[in-house]
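The values are calculated or read from the model by the stated rules, or taken from the named source; none is laboratory data. Since the structure is predicted, the reported quantities are computational estimates derived from the model, not experimental observations. Note that we place each Cβ from the backbone using ideal geometry, even for glycine, and neighbour counts take in every protein chain shown.
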Amino acid sequence: MFKLYNTFAKNKEEFKSINPGKVGFYTCGPTVYDYIHIGNIKSYLTADVLRRYLVYLGYEVRHIKNITDVGHLTEDDIAQGDSGDDKLVKKALLEKKSPAEIAFFYEEYFRETEKKMNILPAHFFPRATAHIPQMIKIIATLIEKGFAYEKNGNVFFSIKKFPEYGKLSGNTLENLKIGARLEEHPDKEDPWDFALWLRAPKEHLMKFNSPWSLGYPGWHIECSAMSAEYLGDTFDIHTGGEDNIFPHHEAEIAQSECFSGKKFVAYWVHTRLLMVDGKKMSKSKNNFYRLEDILEKGYDAMALRILILSSHYRSQMNFTWESMDQAKSNFQKISVWINNLMNVSLGDSKEKSQISFTHIYQKRFEDAMNDDLNTPLALSVLYDLITETNKLSVKNKLTSAIAKEILTFWKRINKVFGLIITEASIIPNFIIDLAEKRKEARLKKDFATSDKLRNEIEKLGYLIEDLKDNDYTIKKL
Ligand SMILES: [Zn+2]
């Protein structure tokens, strides 16, 4: 039984799709006025593993991820989205490019990054600017039904008309009144109302026609419009980062449920934010990392994938370079293991496999994943299998039939882990043997032999890098 933590229920719930065998899946995508960073990658990777596991379980998943190509505010304190400030436009002015050029550039970057991380592309990436008519239709209906009001070309959602506001985040109107800072807008009836449409100031570059003014949509309406367009009024899963819960997803629920009169989303799945060296990522602290920053230091994108999977998506992950080293070593361990299995599987295969050698591992893998996508536990199952395989190998008991069975099992579970093992990440056995001999020499403090072996390995085109606890990694030169 697959259980998934639902932010809405504040509990792990058994997953049941609305339509048998099919899952409608929406992910809040990038705002394309800047490079996506490793925190964004963590969030998209969670959605990716969830989608992959649903497919593993036999579901047909339709995944939609929007591209926010109209700029929006993100800071919580101006989260009501009313200041008229547009980040995409600001960036365009700064870089002397049109907003469309800026959006296109960062969208390409986002797609490239997802590809390098082996995050499956969504089935469709709708752009906000291509869905203004759908947004206008929802806003007009909300005004008609009395949930929204227009003043001076600005339209606001009236949250006192939707008593359920706050049911996802716990930020009810009463709670909100205590403490939170707000950006005032003279046309608002209530300071807690949020913008659906805003009149554009003259200098604003991105503006669209609407029945109310030449303006632009509020921050939240695009996701209500695009999810309804491609997944219907009610769908199964909506994912995002924990910073999306309030106000973004709260506002999406208010707009969508008042518009359709139906329940919006069955399961809300949120990824916890990523920390870097124990601190929140920020440009001012200079701890804002992109994928390139990691690749430039010689790490494989797959090592980052392993690092992210090594912590649970709802626990606080702390990125450090030491943890990257560990992930690199684990990636190498997996690559070496695959390499060995492939070599052994080529041998004579007349003998029969011990039936269900991997059976117990499959059960443990599924138990881990069924428990709210416990990827760290699922990875530890894989590491146990590697240890057992290595023991068999040492005893010369790893037959080609067993190797084949393990490889088949690996291919199945790797559809969920999503690791790419390339030629470059596979190190030939004779190099590994030399590296192991060198490790033994180092353990005996025989540094003359260890240095000799290092040189030998280098002559063969590989470089050894030593890690903590006598661990090491091998790189192709
Ligand atoms: Zn969204």
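Using the structure shown, decide if Lys297 is among the charged types (D, E, K, R) and modelled with pLDDT of 90 or more. The answer is yes for Lys297. Checked against (1) surrounded by 14 or more Cβ atoms within 10 Å (Cβ to Cβ); (2) of a type outside the set (S, T, N, Q); (3) within 36 Å of the chain's Cα centre (by Cα), Lys363 passes all but condition (1).
Taking Lys444 as the residue in question, decide whether it is assigned by TED's automatic domain parsing to the domain that holds Leu307, without any contact (Cβ under 8 Å) to a residue 60 or more places away in the chain and of a type outside the set (S, T, N, Q). No: the conditions fail for Lys444.
In the set Phe319, Phe246, which member is touching a helix residue (DSSP H, G or I) at 6+ places or on another chain (Cβ under 9 Å) and within 16 Å of the ligand (Cβ to nearest atom)? Sole residue among the options that is touching a helix residue (DSSP H, G or I) at 6+ places or on another chain (Cβ under 9 Å) and within 16 Å of the ligand (Cβ to nearest atom): Phe246. Within the stretch 1-42, the set of residues being hydroxyl-bearing (Ser, Thr, Tyr) and more than 16 Å from the ligand (Cβ to nearest atom) comprises Tyr5, Ser17, Tyr35.
Checking each residue in the stretch 447-477 for being surrounded by 13 or more Cβ atoms within 10 Å (Cβ to Cβ) and among the acidic types (Asp, Glu) picks out Asp451, Glu456, Glu465, Asp466, Asp471. Taking the stated definitions as given, is Asn318 touching a strand residue (DSSP E or B) at 6+ places or on another chain (Cβ under 7 Å) and over 24 Å from Thr422 (Cα atoms)? Here the answer is yes, as Asn318 does meet what is asked.
Residue count for the stretch 215-241, restricted to those that are part of a loop (DSSP other than H, G, I, E, B) and touching a residue at least 40 places away in the same chain (Cβ under 8 Å): 5. Can you name the residue in the stretch 212-243 that is more than 24 Å from Leu50 (Cα to Cα) and aliphatic (A, V, I, L, M) and is also nearest to the ligand (Cβ to nearest atom) among such residues? Only one residue tops the list, namely Ile221.
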